[in-house]
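The values are calculated or read from the model by the stated rules, or taken from the named source; none is laboratory data. Note that the structure is predicted; figures quoted are calculated from it, not measured. With ideal geometry, Cβ positions are generated from the backbone for all residues, glycine too; neighbour counts draw on all protein chains shown.
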Amino acid sequence: MKFGTKAIHAGVEPDPTTGAIMTPIYQTSTYVQRSPGDHKGYEYSRTHNPTRTQLQNALAALENGKHGLCFSSGMAAEDAIMKLLKPGDEVISTNDLYGGSYRLFTKIFQNYGIKFHFTNMGNVANVEKLVNENTKMIWVETPTNPLLNIIDIKAYGELCRKHNLLLVADNTFATPYLQTPLDMGADIVMHSLTKYMGGHSDVVMGAIVVKDDDLHERLAFIQNASGATPGPQDCFLVLRGLKTLHLRMERHCQNGRKVAEYLKGNAKVGKVYWPGFEEHPNHEVAQKQMRDFGGMVSFELKGDNLDDATRVLENLKLFALAESLGGVESLCGHPASMTHASIPREDRMKAGLRDTLIRLSVGVEDAEDLLADLEQAIG
Ligand SMILES: *Cc1c(COP(=O)(O)O)cnc(C)c1O
């Protein structure tokens, strides 16, 4: 089945009791049993809920996995993955990581005796030097946020097989429309469904998709035992969003390309970060592992003056100044003071994240209007 057909049909069956073509919102906490232990597979909604089951199945199908698990946020999904580890275990990840992931790892799980290494993941041989007998997991995020570096998932899949490590891929920015990490050697795919997957800026939710039955069993145990599960109404909204994922992503990519090219041609703009440019340092890897280059574009202004960047952010009208990304509407953000404020400035600078960097989540509006908005704001 091709991707667009899967987005609409895969994993989702019409409601068996009524034939309703859209999955009903099973707004219930519990389920009647005929006799103790004699039930229809549903006992309590933290453990299972039919609306959530359909969403989990749809996600597993889209990621070419076998099992999906939904959580009340992307961070809750990450929290569950980290609970696979125990004190003394070590994790290697990128130094250009989503700020919330960095905060969870260093401010919470480090206190429980897990050790994290953050490094430039551009060179696999260099990263391999950090692997020791305690290393249990490699965590990649690609494209990265907000510098849009691309990490070679297949190369890390091979490294993980060699050393018997778990490879986790945060696929939030790409979505399975652009890349399916489980096909490239990842063991676990993680999502903030809040972004492109939900796609309409109306839900906060996260997910994990795996192929392996044993890994699924351990993660499902954590999902139920720790209990950060989403409600059925939110699951319904994400299911609805998924049905247009391929249409939205196609337009996000087209508009992203137009915005990146416009910015590159603007004399007041300095560096533009977008993996579709031939001169992007990881362009070849992006071309190899992604179907297209996505709707995220970051840039700096010439002169690197914070006041100039602030003025552009204030002047933009269609691009709303807000946290988050991946919705139908265009957003702009200032990573240094917003999404990445939890990363110390020194560490940000080391990773190349300057104070004047502006990040755009290019929506699915008409590109002409988006370019006109950028033109009036940048001048
Ligand atoms: C937003 C985001 C998360 C966290 O997800 P929430 O749904 O906000 O908890 C994790 N990773 C990436 C790349 C994100 O953009």
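Key figures
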item	result
Some residue of the range 296-318 being more than 16 Å from the ligand (Cβ to nearest atom) and closer than 26 Å to residue 237 by Cα	yes
Check on residue 258, closer than 21 Å to residue 143 by Cα, out of contact with any helix residue (DSSP H, G or I) (no Cβ under 9 Å at 6 or more places or on another chain) and at pLDDT 95 or above	no
Considering residues of the range 162-185 that are more than 22 Å from residue 246 (Cα to Cα) and touching a residue at least 40 places away in the same chain (Cβ under 8 Å) only, the residue farthest from the chain's Cα centre (by Cα)	166
Selection within the range 118-137 - among the polar types (S, T, N, Q) and assigned to a loop (DSSP other than H, G, I, E, B)	120, 123, 132, 134
Counted residues, the range 195-222 - those being crowded, with 24+ Cβ neighbours inside 10 Å and within 15 Å of the ligand (Cβ to nearest atom)	9
Of the criteria (1) over 30 Å from residue 256 (Cα atoms); (2) in contact with a Ser or Thr (Cβ under 8 Å, 6 or more places away or on another chain); (3) within 14 Å of the ligand (Cβ to nearest atom), which one residue 108 fails	(2)
Hey, residue 342 surrounded by fewer than 21 Cβ atoms within 10 Å (Cβ to Cβ), on the phi > 0 side of the Ramachandran plot and within 16 Å of the ligand (Cβ to nearest atom) or not	no
Matching entry among 20, 10, 60 (being more than 16 Å from the ligand (Cβ to nearest atom), under 18 Å from residue 236 (Cβ atoms), of a type in the set (A, V, I, L, M) and in contact with a strand residue (DSSP E or B) (Cβ under 6 Å, 6 or more places away or on another chain))	60
Single residue of the range 81-102 satisfying the filter (polar (S, T, N, Q) and in contact (Cβ under 8 Å) with a residue 60 or more places away in the chain) that is farthest from the ligand (Cβ to nearest atom)	95
Scan of the range 70-93 for residues that are in contact with a His (Cβ under 8 Å, 6 or more places away or on another chain) and assigned to a strand (DSSP E or B), ordered by number	90, 91, 92, 93
Which listed residue, of 207, 225, is aliphatic (A, V, I, L, M) and within 17 Å of residue 67 (Cα to Cα)	207
Filter result for residue 337 (among the small types (Gly, Ala, Ser), assigned to a loop (DSSP other than H, G, I, E, B) and within 16 Å of the ligand (Cβ to nearest atom))	no
Residue within the range 154-171 that is within 13 Å of the ligand (Cβ to nearest atom), closer than 24 Å to residue 71 by Cβ and out of contact with any strand residue (DSSP E or B) (no Cβ under 7 Å at 6 or more places or on another chain) present	no
Enumeration of residues in the range 276-323 that are within 27 Å of residue 201 (Cβ to Cβ) and charged (D, E, K, R)	291, 292, 300, 311, 314, 317, 323
